[in-house]
Every structure is written in C-alpha cells, then in structure tokens.
Amino acid sequence: MHNDIPALPLNNGNRIPQLGLGVFQVDNAEDTKNAIKWALAAGYRHIDTAAYYGNEQWVGEAIRESGLKREDVFVTSKLWNSERGYDETKAAFQATLDRLGFDYLDMFLIHWPAPGYVDSWKAMEDLYKEGKIKNIGVSNFNQKQMDEILKAGTVKPVVDQIETHPYFQQDEMHAYLESKGILHEAWSPLGGGNNNALSDPVINELAAAHDVSAAQIILRWHVQREEIVIPKSIHEARVQQNRDIFAFGLNQDEMRAIANLDAGKRVGPDPDDAAWLKKSQTYSSRK
Ligand code: A2P
C-alpha cells in the first residue's frame, strides 16, 4: 500500500510528521519499547511522550536500539505542571533530555496551562534560540491562554496539542489556531478508547464501506482536517493499522457525517478548570 506519512510545515519553517505514536499510560519498559519498535518498523518517525508519563527513559532507549539515526525520529516531550518559572523550566527540560539520553529535543510543549506558564514559555524560547529544542509549543491551551503567550512571547508556538475526537471536535479552536498559523495536534484522537467513538454506528458504516477499521476512519478524518494525530496502542496489529490511513480518502459527505457526531463530550480535564490545574501542580512528573 502506498501511504507515505506526510510532513506538515510548521510556522518556523520546520516540518512534523503528521502521524506519530503516543505513549500516554504506557507505564513499563517492555510495552514502551515494543510499541516504539513496531511503530518505527512500520514507518512512523514521530513519538509523543511527556515527563508526566514516566517513560522518557524507555523512549530514548527504544530509539537508540532501533538503529535509526537520532535525526530521523521526531520526538516530543512536555513540561509538567509542577515545573513553573524560568530556572525551574530550564532544569526540568535538562532532566527530560537526560532521561531520554538526547542532546536536543525535536519539540517541547507546556503540558497544561497551569499558573506560571508565561515564565516557563520565556525559558523555552531561550532553549529554542540556543538550538536545544527545535520547536516549542503548548498543549491544552484555550484561546485566552494562547493569546497571553502570543502577547508576552517573541516566538510563536508551533502547535497546540488538544483533546480532539469525533465526540469533541474543537471546531472553534481549530479555526482560531489556523488563523494564527499554529497547527492543531489531537490527543486522544480515538476518544481515549472509552467513549464509544470506536463503536459509533456512523463510524462503523464508513469503516465497512471502505473496508478499513473504525480507528482508521477516525484517524483519516483527523488528517483530512489538517491535524497532527498521535494514537496510542501497545498492540502490534493496531500500531500498524493506525499507520495505514494515507491510501484512502473520505469524501465531503463522509466528512460531514462525522462532523455531525460532535457532542462536546470531553474524556479529559478542561483547561478552564482552575481547581484541577492547581491540584495537578502537586502531581509528580516522574516515577
Ligand atoms: P491499546 O493500547 O490497548 O491498543 P487514544 O489515542 O484516542 O487515547 O486511544 C487510545 C485507546 O484506543 C487505547 O485504549 C488503545 O488501546 C486503543 N486503540 C488504539 N488503536 C486502536 C485500534 N486501531 N483499534 C482499537 N483500539 C485502538
């Protein structure tokens, strides 16, 4: 099947593979390293981790063991909510780099808009200017929080990684990000596996019509919306299947049928939930 993974242009002239492997909740060395091994063998060249996931060390090991060159794999990690302030952010970034065993990172994101993110952003801008991080961005930022970064900063975030799936489509945020030249990256692209988007009858009808799986229909919908997607799986067949989404297309009616499924239904926390953000700052960022 001819299905090269496209590399989307970022607002700083760099590129990012549109599909990556996510490793949220992959909490042991064996699963992390296997999933990455299968993904790289299937042609993925983008891995999405975070300090909070506790698996950066195994991500670094898996990439070294793959035999690929470091520069051939785009690796993202994220600054956890407990790390705020200029010096703290620089130290936390160095700790991420050390756990990965890398001397630079492809992309570093502020994981959530927990208070203090402007000071953290300034440190990330300096690390970017020093070349230690090739691309900087944010995750879970709403328009107001993004506007604050755009106003206070000198470097524009390249992406905003936000919860997005057929039951929570983020159309308004997508249009806003597009207007700012910031790419929309979708986390939990399949809906986290527990809100039934995968068993939705509309999705399954489309899957039967295209002779693909429900997951492939959903991932294809994301890529046609110009989003970056980072589905997680620890099963080899699923890792491979999730990569096979570039050799078929959904027409306008099919895209519209999925658009009609939007239910404003999150599976994760709300970036407007100040109490949760504050509490999350007490959660440890590493195992
Ligand atoms: P598993 O790791 O056991 O395969 P999201 O990335 O939207 O958060 O979704 C991840 C969930 O969806 C995980 O529970 C993952 O489970 C499951 N998943 C990933 N790929 C597929 C697939 N192709 N078919 C069915 N479930 C999948």
(message) Of the residues PHE108, PHE102, only one is away from the ligand (no atom under 14 Å from the Cβ), buried (at least 21 other Cβ atoms within 10 Å of the Cβ) and not β-branched (Val, Ile, Thr); which?
(response) PHE108
(message) Looking at ILE162, ILE182, ILE149 in this structure, which one is within 16 Å of the ligand (Cβ to nearest atom) and of a type in the set (A, V, I, L, M)?
(response) ILE162
(request) May I ask you to list the residues in segment 61-78 that are over 21 Å from SER139 (Cα atoms) and surrounded by fewer than 22 Cβ atoms within 10 Å (Cβ to Cβ)? (result) GLU61, ARG64, GLU65, SER66, GLY67, LEU68, LYS69, ARG70, GLU71, ASP72
(message) Can you tell me which of (1) over 16 Å from the mean Cα position of the chain (by Cα); (2) at pLDDT 95 or above; (3) surrounded by 16 or more Cβ atoms within 10 Å (Cβ to Cβ) is the one HIS235 doesn't meet?
(response) (3)
(message) Among the residues in segment 190-204, are any aliphatic (A, V, I, L, M), more than 22 Å from ARG15 (Cα to Cα), free of Cβ contacts under 8 Å to residues at least 60 places away in the same chain and more than 16 Å from the ligand (Cβ to nearest atom)?
(response) yes
(message) With the structure loaded, tell me whether VAL267 is within 12 Å of the ligand (Cβ to nearest atom), under 22 Å from the mean Cα position of the chain (by Cα) and either outside any helix (DSSP H, G or I) or among the aromatic types (Phe, Trp, Tyr) (or both) or whether it fails that test.
(response) yes
(request) Name every residue in segment 211-232 that is buried (at least 21 other Cβ atoms within 10 Å of the Cβ) and of a type in the set (D, E, K, R), in order of residue number. (result) ARG220, GLU227, LYS232
(message) I want to confirm something. Restricting to segment 227-256 and keeping residues that are in contact with a helix residue (DSSP H, G or I) (Cβ under 8 Å, 6 or more places away or on another chain) and within 16 Å of GLN170 (Cα to Cα), which single residue is farthest from the ligand (Cβ to nearest atom)?
(response) MET255
(message) Take PRO6 and tell me if it is modelled with pLDDT of 95 or more and surrounded by fewer than 17 Cβ atoms within 10 Å (Cβ to Cβ).
(response) yes
(request) Evaluate the following for GLY181: is it surrounded by fewer than 22 Cβ atoms within 10 Å (Cβ to Cβ) and modelled with pLDDT under 95? (result) no
(request) Working only within segment 108-122, note down all residues that are outside any loop (DSSP other than H, G, I, E, B) and of a type outside the set (Ser, Thr, Tyr). (result) PHE108, LEU109, ILE110, VAL118, ASP119, TRP121, LYS122
(request) Identify the residue in segment 205-226 that is over 16 Å from the mean Cα position of the chain (by Cα) and part of a loop (DSSP other than H, G, I, E, B) and, among all such residues, is nearest to the ligand (Cβ to nearest atom). (result) SER213
(message) I want to confirm something. Restricting to segment 238-287 and keeping residues that are surrounded by 12 or more Cβ atoms within 10 Å (Cβ to Cβ) and of a type in the set (S, T, N, Q), which single residue is modelled with the lowest pLDDT?
(response) SER285
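The values are calculated or read from the model by the stated rules, or taken from the named source; none is laboratory data. All values derive from a computational prediction rather than experimental measurement. Positions of Cβ are backbone-derived with ideal geometry, glycine not excepted, and every protein chain shown enters the neighbour counts.
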